[in-house]
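Heads up, the thing below is written out as structure tokens.
The values are calculated or read from the model by the stated rules, or taken from the named source; none is laboratory data. These figures come from a predicted structure and were not determined experimentally. Here the Cβ positions follow ideal geometry from the backbone for every residue, glycine too, while neighbour counts run over all protein chains shown.
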């Protein structure tokens with residue numbers, strides 16, 4: 001339910017912020033927003049691209065993403081093994097709420113502190129471990145199916161983006177981010193109602209509406225990868241500071257979690273007796 005990640009829009013916005021130059025460097029071309037410009041003689045690169053070690057690179061973003069995912073998987077494994085079944089529900093809800101708050105803070109404040117990002121990944125891992133154990137207890141083998149499906153969707157979207165078969169145009173990005181935000185609001189409202197009524201409601205009861213809703217969520221979550229890939233690429237092209245790579249990694253983690261949960265739910269609907 002944390003799919004509508006405001007930081008994705010903010011990352012691109014940060015790439016458009018004005019930069020400043022320092023005197024004394026020779027005139028050299030630099031890239032910004034997909035175009036190449038000639039820096040006036042006597043001035044250096046924009047401050048955000050002066051030192052190669054201090055700017056975002058794709059390799060750095062990949063390392064950060066793998067690190068966060070690794071922390072989440074490790075926390076999920078520990079939760080799966082350590083937490084007893086009677087306590088899974090309480091752990092599930094507590095981790096979900098803490099993760100939601102942390103995710104919103106990271107998104108809106110553009111937090112790039114690795115400690116905070118790893119804390120979020122660990123909390124999400126605890127949440128995923130509890131959810132996965134609960135589902136696996138009821139439907140044997142469902143977690144492996146959901147993991148394989150999630151990774152498959154991620155790789156397919158990465159290949160489609162790389163081949164430019166799916167293009168992240170400005171209109172595309174606005175529509176997808178808007179859809180993700182709308183779905184997040186609907187899910188939060190549905191969750192709040194379920195807490196008071198004790199009923200999952202039509203969006204999560206496994207019926208026809210629930211199946212359609214999960215399919216819509218899966219499609220939007222998959223398209224959000226394209227948005228994130230484009231914004232990471234824009235950030236690299238604009239010479240954003242290296243710390244912004246954490247936000248790109250955070251965005252991918254959020255989308256992977258959302259996609260996995262929706263696929264897990266969808267599979268469970270078809271395994272009901």
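In summary, residue 118 fulfils each of the numbered conditions (1) assigned to a helix (DSSP H, G or I); (2) closer than 22 Å to residue 239 by Cβ with the single exception of condition (2). Screening the candidates 204, 242 for the property of being farther than 24 Å from residue 57 by Cα and in contact (Cβ under 8 Å) with a residue 40 or more places away in the chain yields one hit, 204.
When residue 192 is tested against the conditions (1) in a helix (DSSP H, G or I); (2) within 17 Å of the chain's Cα centre (by Cα), the lone failure is (2). Taken as a whole, the structure leaves residue 180 outside the set of residues that are assigned to a helix (DSSP H, G or I) and under 21 Å from residue 68 (Cα atoms).
Of all the numbered requirements in (1) surrounded by 24 or more Cβ atoms within 10 Å (Cβ to Cβ); (2) modelled with pLDDT under 90, residue 271 misses one, and that requirement is (1).
When 112, 79 are checked against the criterion of being in contact with a helix residue (DSSP H, G or I) (Cβ under 9 Å, 6 or more places away or on another chain), touching a residue at least 24 places away in the same chain (Cβ under 8 Å) and in a loop (DSSP other than H, G, I, E, B), a single residue qualifies: 112. Scan the stretch 134-155 for residues that are modelled with pLDDT under 95 and within 18 Å of residue 99 (Cβ to Cβ) and the total you get is 2.
When 98, 69 are checked against the criterion of being in a helix (DSSP H, G or I) and either more than 15 Å from the chain's Cα centre (by Cα) or crowded, with 20+ Cβ neighbours inside 10 Å (or both), 98 stands alone in meeting it. Kindly indicate whether residue 135 is more than 16 Å from residue 255 (Cβ to Cβ), more than 19 Å from the chain's Cα centre (by Cα) and crowded, with 16+ Cβ neighbours inside 10 Å. So residue 135 fits the description; yes.
Filter the stretch 161-177 for residues that are in a helix (DSSP H, G or I) and more than 16 Å from residue 218 (Cα to Cα); which is nearest to the chain's Cα centre (by Cα)? So the residue we want is 173.
What number of residues within the stretch 121-142 are touching a residue at least 24 places away in the same chain (Cβ under 8 Å) and not in a helix (DSSP H, G or I)? Residues flagged as touching a residue at least 24 places away in the same chain (Cβ under 8 Å) and not in a helix (DSSP H, G or I) within the stretch 121-142 amount to 1.
Annotation note: of 186, 219, 257, the sole residue that is modelled with pLDDT of 95 or more and farther than 20 Å from residue 68 by Cβ is 219.
Matching residues to (1) touching a strand residue (DSSP E or B) at 6+ places or on another chain (Cβ under 6 Å); (2) surrounded by fewer than 16 Cβ atoms within 10 Å (Cβ to Cβ); (3) farther than 14 Å from residue 261 by Cα:
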position	(1), (2), (3)
92	no, no, no
106	no, no, yes
130	no, no, no
158	no, yes, yes
180	no, no, yes
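Condition first: surrounded by fewer than 20 Cβ atoms within 10 Å (Cβ to Cβ) and in a loop (DSSP other than H, G, I, E, B). Can you find one or more residues in the stretch 206-219 that meet it? Yes, that holds for at least one residue. Checked against (1) closer than 26 Å to residue 135 by Cβ; (2) modelled with pLDDT under 90; (3) surrounded by 14 or more Cβ atoms within 10 Å (Cβ to Cβ); (4) out of contact with any helix residue (DSSP H, G or I) (no Cβ under 6 Å at 6 or more places or on another chain), residue 74 meets all criteria but (2).
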